[in-house]
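Engineer: There's a structure below that I have some questions on.
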Amino acid sequence: MKTAIVWFRNDLRFRDNHALTVASESEQLLCVFCFDPRSFSSREYGGKRSFRYEKTGHHRARFIRESVEDLRTSLREMGSELVVRHGTPESVVPTLAAEIDASAVYFHTYPTVEEIAVERAVADRASEATPGIEIESFPGHTLYHPDDLPVAVNEIEDTFTAFRKGVEGSNAAVRPTVEPPTLPPSPTFPSGGLETGTIPTLTDLGVDSSTPDERAVLDFEGGETAGLDRLERYVWERDRLREYKKTRNGLLGSDYSSKLSPWLNLGCLSPRTVYEAVKRYERERVENESTYWLFFELLWRDFFQFQFAKHGSKLFEQGGIRRRDIDWRDDREGGDEDAESALERWKRGGTGIPFVDANMRELNESGFMSNRGRQNVASFLANDLGIDWRRGAAYFETHLVDYDPASNYGNWAYIAGVGNDSRNRSFDIVWQAERYDPDAAYVKYWLPELDGIPPEQAHEPWNLSPAEQNRYGVVIGEDYPKPIVRPSEKTD
Ligand SMILES: Cc1cc2nc3c(=O)[nH]c(=O)nc-3n(C[C@H](O)[C@H](O)[C@H](O)COP(=O)(O)OP(=O)(O)OC[C@H]3O[C@@H](n4cnc5c(N)ncnc54)[C@H](O)[C@@H]3O)c2cc1C
């Protein structure tokens, strides 16, 4: 009797799940998800001056819980079960495997160092506990299967354009999604029943809960069901894909971009599922620059995944793959109190630069920030404040509902000039604000204290005279902070 275990990770879906499909050929199947305590605690990040940060804040913790609940419901509807444990995978999975005398453990693999270390530990301990057990992992987080790239992953180009041209100029094809499987029954334990386990609450996980902010662009509900609904709504009901390229730099509202990233990163949706929706839309409605552009952005996502597979831990290091030695202010011997206080102001959205503060408040309150916003706040922290980019990346890691190690650290390194681009990525924040928020509607949405200021002055409130401040009902330095620094005027 072949009994397989599927260890679910960032692949919380029933559809297009290669590990689940292979495992469903066994006679018995045990599906397992572990709430790893390490993901819900603080972590030390090294450097000349190391720092600690929380791995998962409440926005993403809630999204993960909901996704696990949804997966459990789907598996139950298919006559199966999801066993949930609060413990490290390398202790939980091998123990369960030994208990039920499993013949195989299947799971998806990820390109980043912490994830790889955990999967190695699971494989080693499962093989010790159950000699002869088959361990097989599958890539399922990217649009392209790594074996289908025109070159081996460790030879891919380090710049996006070269990578993209290489892929597009080759015969590489996106593999079709796999059909949802019929699931075999769960095994019985020697003790009799199957201890399914309860899904921990946020309090159990040690994460503060909070009520969702009504101003959020979307109520990001975790799970494959909600992810498929969002895809259906954005592509088919709202019909927004046809103008994605024009709207994707937006800042307000649910539909300027797809907002699919949280579901993609937790694996509630596979990138191939999104790709197939785009292709069907092109056949049935319209094929244009915008439909291509969503594919283009998914390629960016793949690019960072494969970069981490190629460069490993280097992309998490201060000097990045360029090994650049930048004199970050917060990393100097003896510390720099001004830098620490600037970092705290950046985090809470109190820098006095409206475009930065509005975006940071959106992140804090909702767990989301637009791509345009992310580029600007990252550039401001690293390039204007001169603060180690990893402090910002770690802050994003805690708070983003769509955090993904490769997408986050890859983009941060890129903007800080230590990653996959040798150009100066410094943004002119005021120019950006005036261009992408010309009527100041976005900054006023998140910073209501600036409501009375005319749009043409709202992005630089430090220039208001005392008489103007009086007229517009805002005192700079009291109702809204004075700028921490004047943002530099560089090209974007
Ligand atoms: C400093 C910084 C940090 C970031 N951190 C993350 C992160 O942790 N997780 C994350 O998914 N994205 C991250 N991004 C990329 C991008 O901002 C988000 O993917 C995007 O804003 C998500 O919104 P969307 O789904 O509506 O995107 P859309 O514009 O609809 O794009 C569709 C999909 O393409 C992918 N994508 C788009 N742009 C990028 C990009 N630059 N890099 C990688 N993938 C991309 C995403 O999967 C996205 O869902 C970061 C960007 C910056 C500048």
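The values are calculated or read from the model by the stated rules, or taken from the named source; none is laboratory data. Everything numeric here is computed off the predicted structure, so don't read it as measured data. Neighbour counts are summed over all protein chains in view; Cβ atoms, including those assigned to glycine, are modelled from backbone coordinates with ideal geometry. All accessible areas refer to the heavy atoms of the entire protein, side chains included, with ligands and DNA or RNA removed. Shrake-Rupley method; radii C 1.70, N 1.55, O 1.52, S 1.80 Å.
Engineer: Under the condition of being modelled with pLDDT of 95 or more and in contact with a Ser or Thr (Cβ under 7 Å, 6 or more places away or on another chain), which residue from the range 184-202 is nearest to E99 (Cα to Cα)?
Structural biologist: P184
Engineer: Out of (1) of a type outside the set (A, V, I, L, M); (2) open to solvent by less than 30 Å² (accessible area, probe 1.4 Å); (3) in contact (Cβ under 8 Å) with a residue 40 or more places away in the chain, the odd one out for P94 is which?
Structural biologist: So P94 meets the others, but not (3).
Engineer: Also, I was wondering about something else. As an exercise: evaluate D219 against (1) within 11 Å of the ligand (Cβ to nearest atom); (2) within 26 Å of N376 (Cβ to Cβ) and give the number of the one condition it does not meet.
Structural biologist: (1)
Engineer: Being among the acidic types (D, E) and either open to solvent by 60 Å² or more (accessible area, probe 1.4 Å) or closer than 20 Å to R9 by Cβ (or both) narrows it down to one of D147, D158, so name that one.
Structural biologist: D147
Engineer: Another question, if that's okay. Report every pair of residues separated by at least 6 positions or lying on different chains whose Cβ atoms are under 6 Å apart, first residue within the range 216-245 and more than 24 Å from F14 (Cα to Cα) and outside the structural domain of M360 (by TED's automatic domain parsing), second open to solvent by less than 70 Å² (accessible area, probe 1.4 Å) and in a loop (DSSP other than H, G, I, E, B).
Structural biologist: Pairs that qualify, where the first residue is more than 24 Å from F14 (Cα to Cα) and outside the structural domain of M360 (by TED's automatic domain parsing) and the partner is open to solvent by less than 70 Å² (accessible area, probe 1.4 Å) and in a loop (DSSP other than H, G, I, E, B), are V217/S254; V217/F368; R238/D255; R240/D255; R242/V286.
Engineer: With respect to S370, is the statement that it is within 10 Å of the ligand (Cβ to nearest atom) and either open to solvent by 10 Å² or more (accessible area, probe 1.4 Å) or of a type outside the set (A, V, I, L, M, F, W, C) (or both) true?
Structural biologist: Considered against the rule, which asks whether it is within 10 Å of the ligand (Cβ to nearest atom) and either open to solvent by 10 Å² or more (accessible area, probe 1.4 Å) or of a type outside the set (A, V, I, L, M, F, W, C) (or both), S370 comes out as yes.
Engineer: State whether one or more residues within the range 208-215 are out of contact with any helix residue (DSSP H, G or I) (no Cβ under 8 Å at 6 or more places or on another chain), of a type in the set (S, T, Y) and at pLDDT below 95.
Structural biologist: yes
Engineer: Within the range 200-224, track down each residue that is open to solvent by 70 Å² or more (accessible area, probe 1.4 Å) and either of a type outside the set (D, E) or under 25 Å from S74 (Cβ atoms) (or both).
Structural biologist: T203, D204, S209, T211, P212, R215, D219, E221
Engineer: Given (1) crowded, with 22+ Cβ neighbours inside 10 Å; (2) within 16 Å of the ligand (Cβ to nearest atom); (3) modelled with pLDDT of 95 or more, where does D357 come up short, assuming only one miss?
Structural biologist: For D357, the exception is condition (2).
Engineer: Name every residue in the range 253-281 that is of a type in the set (K, R) and within 11 Å of the ligand (Cβ to nearest atom), in order of residue number.
Structural biologist: Matches in the range 253-281: K259 only.
Engineer: Follow-up. Within the range 373-394, work out how many residues are among the basic types (K, R) and either within 19 Å of Y45 (Cα to Cα) or open to solvent by less than 10 Å² (accessible area, probe 1.4 Å) (or both).
Structural biologist: Total satisfying the criteria: 2.
Residue by residue, here is whether (1) within 10 Å of the chain's Cα centre (by Cα); (2) open to solvent by less than 10 Å² (accessible area, probe 1.4 Å); (3) within 21 Å of Y110 (Cα to Cα); (4) of a type in the set (V, I, T) holds:
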residue	(1), (2), (3), (4)
F396	yes, yes, yes, no
Y403	yes, no, yes, no
S407	yes, no, yes, no
I415	no, no, no, yes
D421	no, no, no, no
S426	no, yes, no, no
I429	no, yes, no, yes
A433	no, yes, no, no
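Engineer: Scan the range 39-83 residue by residue and report those that are within 30 Å of G334 (Cα to Cα), open to solvent by 60 Å² or more (accessible area, probe 1.4 Å) and within 22 Å of the chain's Cα centre (by Cα).
Structural biologist: R43, E44, R52, E54
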